[in-house]
Structures are given as structure tokens and as C-alpha cells.
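J.: Following this message is one structure expressed as C-alpha cells.
The values are calculated or read from the model by the stated rules, or taken from the named source; none is laboratory data. Being a predicted model, the structure only gives us computed values, none of them experimental. Quick reminder, even Gly has a Cβ in these numbers, built from the backbone with ideal geometry, and neighbours come from all protein chains shown. The protein model used for the area step is the full one, side chains on, heavy atoms only, and it has no ligands, DNA or RNA in it. Shrake-Rupley method; radii C 1.70, N 1.55, O 1.52, S 1.80 Å.
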Amino acid sequence: MHIDISIKQQTLRLSDASGQVLRTYSVSTAAKGAGEINGSYCTPRGRHLIRAKIGAGQAENTVFVGRRPNGEIYSQDLARRFPKRDWILTRILWLSGCEPGRNRLGSVDTMRRYVYIHGSPDSTPMGCPGSIGCIRMHNADIVELFELVPPYTSVDISED
């Protein structure tokens, strides 16, 4: 399995070992564009891998804080009560960079920046930048992807 994320096209493409595309999803990457520096709120580029899969078996719209379910289920009422919260829902695929000096170690470490592929409220627009660095997906899509990919699946993020 292999994942390609296009920042320009705002898509995530899942391919098998032979390169055959199995799924294509619309996503939302960072509103501030591409970049690797800690605190930039940009989506990091380059070769990554899925270091951890978090949320197996959780209900759709489960709210995660610090990578743990906090007991809440996302709803419009909850959104009104916490309008500034960056919603991380349903499942998390935690990314780790593979290129020292580009997206691994020091001030460019993707994993230490807590960059994920994760679920978002279904009202969140996909196909356009909007996150603070992560790759957002609709809940049904992240559940499907989560079930299809094993840990350590390679992920390439490009501006193409």
C-alpha cells in the first residue's frame, strides 16, 4: 500500500503495491500551504509513514484531544459551544517524516508537530485548503482508509 497526497489537487490517492489506484479521496490540507517548520501551521512535504493508527472501534464523530477520545461525540451543538476548536474526529493516522533535515528531526519533525490524517466534521469543506497543518478527511472516508492501510504505510506529500 502507498498513499500520495497532492496539496495542489487536495486529494489523497491510495495505491496497492503494483501502483494500481484503489481509492481517491478529497481532502483539506493547510490553509497556509506547504512547509515543514514547527509552528508554521503548514502541511509538510516529502516521504512519510503512518507511525500510529489511533481510534480503532471508536464511534464516528468521536472527539479526540491529545490523541485520546475525550468522551464527546461531535454535534452542531458542541460546535456552537466551542467555535474555535480544531476538530479531530473518528480516526487518526499519525505521520512521521522519513527525510532527516526535511521532515524528520529538529525543527522540521512531522511527528513532533503532531501532523495527522484525521476525520473532520462532515460540514468541513474538502477539496480546498483549510487545516492548520494536518490532512483532513470526511469521517466515512477516514474510517475506510483506516481499515485499508497497515501501520508503516508510506505516504508521499507533494505540491503537485
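J.: Considering the stretch 115-133 alone, what residues qualify as being more than 16 Å from Y152 (Cα to Cα) and assigned to a loop (DSSP other than H, G, I, E, B)?
T.: Within the stretch 115-133, P121, D122, S123, T124, P125, M126, G127, C128, P129, G130, I132, G133 meet the criteria.
J.: For Y41, work out the one condition from (1) touching a Gly at 6+ places or on another chain (Cβ under 6 Å); (2) open to solvent by less than 90 Å² (accessible area, probe 1.4 Å) it doesn't fulfil.
T.: Checking Y41 against (1) touching a Gly at 6+ places or on another chain (Cβ under 6 Å); (2) open to solvent by less than 90 Å² (accessible area, probe 1.4 Å), the one that fails is (2).
J.: Is one or more of the residues making up the stretch 77-86 buried (at least 17 other Cβ atoms within 10 Å of the Cβ) and out of contact with any Cys (no Cβ under 9 Å at 6 or more places or on another chain)?
T.: no
J.: Which condition number in (1) open to solvent by less than 30 Å² (accessible area, probe 1.4 Å); (2) in contact with a Cys (Cβ under 8 Å, 6 or more places away or on another chain) is the one that L95 fails?
T.: Failing condition for L95: (2).
J.: Can you tell me which residues in the stretch 44-68 are free of Cβ contacts under 8 Å to residues at least 40 places away in the same chain and open to solvent by less than 60 Å² (accessible area, probe 1.4 Å)?
T.: A59, T62, V63, G66
J.: For D77, state whether it is under 14 Å from the mean Cα position of the chain (by Cα) and at pLDDT 95 or above.
T.: It is false that D77 is under 14 Å from the mean Cα position of the chain (by Cα) and at pLDDT 95 or above.
J.: Which members of the stretch 1-37 meet the condition of being assigned to a strand (DSSP E or B), aliphatic (A, V, I, L, M) and either open to solvent by 10 Å² or more (accessible area, probe 1.4 Å) or farther than 25 Å from R104 by Cβ (or both)?
T.: V21, L22, A34
J.: How many residues are in contact (Cβ under 8 Å) with a residue 24 or more places away in the chain and over 15 Å from the mean Cα position of the chain (by Cα) if we restrict to the stretch 10-31?
T.: 2
J.: Among the residues of the stretch 100-157 satisfying the criterion of being polar (S, T, N, Q) and touching a helix residue (DSSP H, G or I) at 6+ places or on another chain (Cβ under 9 Å), which is most open to solvent (accessible area, probe 1.4 Å)?
T.: Among those residues, the one meeting the criterion is S123.
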